[in-house]
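S.K.: Structure provided below as structure tokens; questions to follow.
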Amino acid sequence: MQQLRKPRRFVLALAAAAALAVGLGAAPAQAAANPYERGPAPTTAALDASRGPYSVATENVSSLVTGFGGGTIYYPTTTSDGTFGAVAISPGFTARWSSLSWLGPRIASHGFVVIGIETNTIYDQPGSRGDQLLAALDYLTRSSSVRSRIDTTRLAVAGHSMGGGGSLEAARTRPSLQAAVPLAPWNTTKTWSTLRVPTLIIGGESDTVAPVASHSIPFYNSIPSASEKAYLELNNASHFFPQTVNTFTARLAVAWLKRFVDNDTRYDQFICPGPASTSISDYRNTCPLV
């Protein structure tokens, strides 16, 4: 299994701490602290709540932007915690961002800048949606009014259905991404052997649009075992489970983003061994995380 990728500044900080330890015999405890850790120590109750510890503001993005169809940005209002990681999320075939909009403030309230996109057309295929997710991240980090709040080395993608398939496309295209979270993903491509981005796939057991046996599970199995990955399957859930508030989707998605975008090992407990509930029909992972 590959070692957890860390942004360059984090690696340099650890190297400095190690050098200090050699020179002085022992490094101060704070020297090895994770500079990307945000928010209080997590609990299941906190992850399952409708909002996390951060207050969130919103901003609309015009459809006249280049590369995607506009959307909505959600961001923590505080400026005292430094910069945050960012996540772009795409809706599925024929759907608009409103179908997933509960995820925007939910994820942002745990310390992320989130852009929920509208696609160029509601009929765009996964490849196009992947390109649009990357265009949205580029807009977010280069042109948006909240760009100064974002750490450009800590970016992620997510999406539902063809948007989920698009998030796989985006992660394969841009391996510098820190995480991907496809929800009930649909794609005609079944093999993702070159994908290296830590990926959490969430599928619905009773999905008849993108059946897990021909979509989520083959996608998960084809991602190399050297990559960090997990597969969560919701018991009796249809293809449209992300379009209403879903506790396990939120809990695992936030934990995955905190773990791999923020390098926050406090969230390992929610990924390994994972949730145990009658609401979960399958859970697979590459634990232990390293």
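The values are calculated or read from the model by the stated rules, or taken from the named source; none is laboratory data. All values derive from a computational prediction rather than experimental measurement. Cβ sites come from the backbone with ideal geometry, for glycine too, and all protein chains shown count toward neighbours.
S.K.: How many residues does segment 113-142 hold that are in a loop (DSSP other than H, G, I, E, B) and within 14 Å of Thr72 (Cα to Cα)?
M.R.: 2
S.K.: Then there's this: When only residues in segment 82-99 that are buried (at least 24 other Cβ atoms within 10 Å of the Cβ) and either among the hydrophobic types (A, V, I, L, M, F, W, C) or not assigned by TED's automatic domain parsing to the domain that holds Leu155 (or both) count, which is farthest from Asn246 (Cα to Cα)?
M.R.: For segment 82-99, the residue satisfying everything is Phe84.
S.K.: Determine if segment 195-205 includes at least one residue that is surrounded by fewer than 24 Cβ atoms within 10 Å (Cβ to Cβ), assigned to a loop (DSSP other than H, G, I, E, B) and of a type in the set (A, V, I, L, M). So that I can check it myself, show each step before the final result.
M.R.: Going residue by residue through segment 195-205, those that are surrounded by fewer than 24 Cβ atoms within 10 Å (Cβ to Cβ) are 195-196, 205.
Then keep just the ones that are assigned to a loop (DSSP other than H, G, I, E, B); that gives 195-196, 205.
Okay, now just the ones that are also of a type in the set (A, V, I, L, M), so 195.
Yes, segment 195-205 contains at least one residue that is surrounded by fewer than 24 Cβ atoms within 10 Å (Cβ to Cβ), assigned to a loop (DSSP other than H, G, I, E, B) and of a type in the set (A, V, I, L, M).
S.K.: If you don't mind, another one. What residue, among those in segment 63-81 that are free of Cβ contacts under 8 Å to residues at least 40 places away in the same chain and closer than 12 Å to Pro53 by Cα, is surrounded by the most Cβ atoms within 10 Å (Cβ to Cβ)?
M.R.: My answer is Thr78.
S.K.: So, one more: Of all residues in segment 236-276, count the ones that are surrounded by 24 or more Cβ atoms within 10 Å (Cβ to Cβ), charged (D, E, K, R) and within 12 Å of Leu47 (Cα to Cα).
M.R.: 1
S.K.: Run Ala170 past the list (1) free of Cβ contacts under 8 Å to residues at least 12 places away in the same chain; (2) not in a loop (DSSP other than H, G, I, E, B) and report the number of the one that doesn't hold.
M.R.: Every condition holds for Ala170 apart from (1).
S.K.: Sort out which residues of segment 143-167 are under 17 Å from Gly204 (Cα atoms) and not in a helix (DSSP H, G or I), and write them in order of number.
M.R.: Ala158, Gly159, His160, Ser161
S.K.: If you don't mind, there's one more thing I want to ask. Would you pick out the residues in segment 82-120 that are in contact (Cβ under 8 Å) with a residue 12 or more places away in the chain and of a type in the set (Ser, Thr, Tyr)?
M.R.: Those that are in contact (Cβ under 8 Å) with a residue 12 or more places away in the chain and of a type in the set (Ser, Thr, Tyr): Thr83, Ser90, Thr94, Ser99, Ser101, Ser109, Thr119.
Each row is one residue, and each column tells you yes or no for (1) within 19 Å of Ala156 (Cα to Cα); (2) in a loop (DSSP other than H, G, I, E, B).
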residue	(1), (2)
Phe219	yes, no
Glu233	no, no
Leu257	yes, no
Tyr267	yes, no
Ser277	no, yes
Ser281	no, no
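S.K.: Moving on. Could you grab me the full set of residues in segment 174-183 that are part of a loop (DSSP other than H, G, I, E, B) and without any contact (Cβ under 8 Å) to a residue 60 or more places away in the chain?
M.R.: Arg174, Pro175, Ser176, Leu177
S.K.: Please work out if Ala237 is outside any strand (DSSP E or B), small (Gly, Ala, Ser) and modelled with pLDDT of 95 or more.
M.R.: Criteria met by Ala237.
S.K.: Given the criterion of a type in the set (A, V, I, L, M, F, W, C) and in contact with a strand residue (DSSP E or B) (Cβ under 6 Å, 6 or more places away or on another chain), identify the matching residue among Ala213, Ala180.
M.R.: Exactly one of Ala213, Ala180 is of a type in the set (A, V, I, L, M, F, W, C) and in contact with a strand residue (DSSP E or B) (Cβ under 6 Å, 6 or more places away or on another chain), namely Ala180.
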